[in-house]
Structures are given as structure tokens and as C-alpha cells.
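Remarks on the structure that follows.
The values are calculated or read from the model by the stated rules, or taken from the named source; none is laboratory data. A quick note: this is a predicted structure, and the numbers were derived from the prediction, not measured. Every residue, glycine as well, gets a Cβ built from its backbone with ideal geometry; the counts of neighbours run over all protein chains shown.
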Amino acid sequence: MKGDFPIQLLCDLLEVSVSGYYRWRSQPHSLRQVQDEVLAEQIAAVHHRSRRSYGAPRIVDELRESGVPISRRRCARLMRSRGLRGKKKNRGRPRTTDSRHGRPTPANQLANMPPPTGPNQIWVTDITYVKTAEGWLYLAAVLDLWSRRVVGWATAPTLHATLTEAALRKAIRDRQPPRGLLHHSDRGSQYVDDDYLQLLAAYGIDRSMSRAGNCYDNAFIESFWSTLKSDTDLELIVPINRRAAELVIFDYIETFYNRARRHTSLGSISPVAFENQHTTN
């Protein structure tokens with residue numbers, strides 16, 4: 001603006017003296033201001049790497065791990081100054097469960113079990129869906145309850161039992177779980193399909209199911225769905241087709257969620273880091 005209008009005119013409009021303006025310009029920034037500028041740049045970089053999903057608590061953990069001392073209050077203030085904010089979860093959830101199949105279902109063993117103490121003791125699984133311009137894309141995932149790591153997942157344009165079977169087969173292939181692993185799901189028809197039950201039996205995997213109509217019995221995987229959709233904006237942005245949605249899901253699970261996203265329940269480290277920290281000698 002000063003290149004377009006004389007300094008005297010601008011100072012008169014703002015009711016300040018010309019000498020006062022030049023005196024203000026010549027004053028050096030305080031040490032605190034300089035430090036804030038540096039911290040703000042570092043905060044913005046962490047926020048960008050988190051897919052713009054982290055709020056102040058996780059950004060503080062990231063910076064402190066890198067040797068940068070910062071308080072949550074200061075981080076939150078600097079985020080506000082740059083218009084940065086973490087993503088809030090949308091609490092809505094899709095309904096993909098049809099439990100009116102009339103087939104026998106096991107009891108909810110998960111409710112009475114102590115927390116797992118290592119990998120491949122308890123897996124939880126569920127199905128969600130993603131809207132695309134081409135139609136619905138269904139996503140099944142298997143989560144290791146100990147580390148919160150997604151150990152198997154698959155997508156399909158329909159809710160056929162082959163979807164859940166593909167996710168389970170991937171988890172079994174990659175993890176090679178011991179016999180006696182507990183598999184917990186809702187009462188959906190996909191989880192009582194004959195082929196699915198035979199796969200569980202072949203690997204000695206025990207079954208547990210949520211109570212009828214109680215989504216909170218499978219809260220861990222429900223929380224993951226909420227996190228995925230919030231972090232990726234899949235509830236706000238509709239991918240052009242199913243393939244585009246699959247690429248978003250692949251990148252999120254395999255690149256960010258499992259390997260980089262910090263979990264407060266894991267001491268603010270990623271699932272892979274948590275497993276490496278607790279399984280290496």
C-alpha cells in the first residue's frame with residue numbers, strides 16, 4: 001500500500017505521526033517474536049505432514065520428539081494465528097450390518113477379556129462404506145486390538161461375504177497368528193457365512209460377536225472408521241470413482257495410519273512404532 005500512497009497520507013489516515021511510524025519500523029523484533037515465527041513454521045510443517053489432521057496435542061508430541069520444547073498453550077496460540085486446526089471426527093456411522101440371518105452367533109467374549117498384552121491376541125473387524133461418483137465402495141478392515149494396527153483390509157463394490165473374507169485372508173497371510181486368537185465382529189451376515197467360518201476354523205481362530213443392536217461392543221473399529229473418514233475428508237469430498245477412493249484408502253492405511261499417525265492410547269506413537277518398541281529385544 002505504501003508504494004501506491006505517500007507515507008504522510010497513510011499516517012494521517014491512521015492518526016499516527018510519520019516519525020512514530022519510522023521509529024516503529026526501525027525497532028527489532030523481540031526474541032519471543034522471532035522464536036514464535038520459527039515455531040509457527042515448524043508447526044505448519046507438522047500439520048501438513050499429518051494430512052492437516054493433527055491438533056495441538058499431537059503436534060506438541062511430534063515437536064518434542066524432535067527436540068523442540070513447546071507447550072500446548074503456545075502451540076494452540078500459534079496454530080490459531082495461522083488458521084490451522086485439527087480435524088474433528090464426524091460421529092455419524094453407516095449401517096452395513098444385517099443380523100436378520102437367523103444363524104447361531106457366539107457370545108461377546110471380548111466384553112469379559114482383559115486387554116491384550118501382545119500382538120495377534122484379539123482382532124476386531126467391521127465393514128463401512130465410502131460414497132463415490134461411481135457408486136458405493138465397501139471397505140472391510142481387521143484391526144489388532146493391542147497395537148491398533150490395521151492388519152488386513154479389502155474393498156469391493158458389494159457387501160458380499162467375499163469382501164470380509166479377503167480382508168481376513170490378508171491379515172492371516174501377513175501376521176501368521178497363533179491358534180486361539182480371538183476374532184470379534186458384529187452380527188452381520190458376512191461373519192456367519194459358511195466360507196468365512198471355515199476359514200476361521202482352519203486357523204484355530206475363536207469367535208466373539210457383539211450383542212444385537214449394540215455398536216459400542218465394537219467401539220475400537222468404529223473409532224477407526226471415524227478417524228479414517230475425518231482424516232481423509234471422505235465424508236466431505238466424493239471421489240470420482242471407486243478406484244480413486246481405493247487409492248485414498250491405501251495411502252491412508254499403509255502410508256499414514258499404520259506407520260505415522262500418533263495414537264494417544266499408544267503413548268502418542270504410531271501402531272508400527274508401538275509394535276517395534278514392544279516386540280524387539
In segment 247-281, how many are charged (D, E, K, R) and surrounded by 17 or more Cβ atoms within 10 Å (Cβ to Cβ)?
3
So, in segment 240-267, exactly how many residues are touching a residue at least 12 places away in the same chain (Cβ under 8 Å) and more than 25 Å from Trp136 (Cα to Cα)?
8
Read through the list (1) assigned to a strand (DSSP E or B); (2) crowded, with 22+ Cβ neighbours inside 10 Å, then give the number of the only condition that Ala171 fails.
(1)
Output the residues belonging to segment 47-69 that are assigned to a loop (DSSP other than H, G, I, E, B) and touching a helix residue (DSSP H, G or I) at 6+ places or on another chain (Cβ under 9 Å).
Ser50, Arg51, Arg52, Ser53, Tyr54, Gly55, Ser66, Val68, Pro69
Under 7 Å between Cβ atoms, at least 6 apart or on separate chains: pull out the pairs that start in segment 51-74 with a residue that is on the phi > 0 side of the Ramachandran plot and end on any residue that is outside any helix (DSSP H, G or I) and modelled with pLDDT under 90.
Arg52/Lys87
Can you tell which of Asp126, Asp174, Asp144 is in contact with a Gly (Cβ under 9 Å, 6 or more places away or on another chain), more than 26 Å from Ile240 (Cα to Cα) and of a type in the set (Asp, Glu)?
Asp174
With Ala171, Ala154 as the choices, which residue is modelled with pLDDT of 95 or more and over 23 Å from Asn108 (Cα atoms)?
Ala154
Quick one: what pairs do we get from segment 105-122, first residue surrounded by fewer than 19 Cβ atoms within 10 Å (Cβ to Cβ) and in a loop (DSSP other than H, G, I, E, B), second at pLDDT 90 or above and aromatic (Phe, Trp, Tyr), C-beta under 7 Å, 6+ apart or different chains?
Pro116/Trp146; Gly118/Trp146; Gln121/Trp146
What tally of residues in segment 219-231 results from selecting those that are within 17 Å of Ser147 (Cβ to Cβ) and not small (Gly, Ala, Ser)?
5
Out of the residues in segment 138-185 that are polar (S, T, N, Q) and out of contact with any strand residue (DSSP E or B) (no Cβ under 8 Å at 6 or more places or on another chain), which is farthest from Gly204 (Cα to Cα)?
Ser147
Among the numbered criteria (1) among the aliphatic types (A, V, I, L, M); (2) over 24 Å from Gln121 (Cβ atoms); (3) modelled with pLDDT of 90 or more, which single criterion is violated by Val272?
(2)
Can you pull out the residues in segment 186-195 that are of a type in the set (S, T, N, Q) and either surrounded by fewer than 20 Cβ atoms within 10 Å (Cβ to Cβ) or under 15 Å from Ile205 (Cα atoms) (or both)?
Ser189
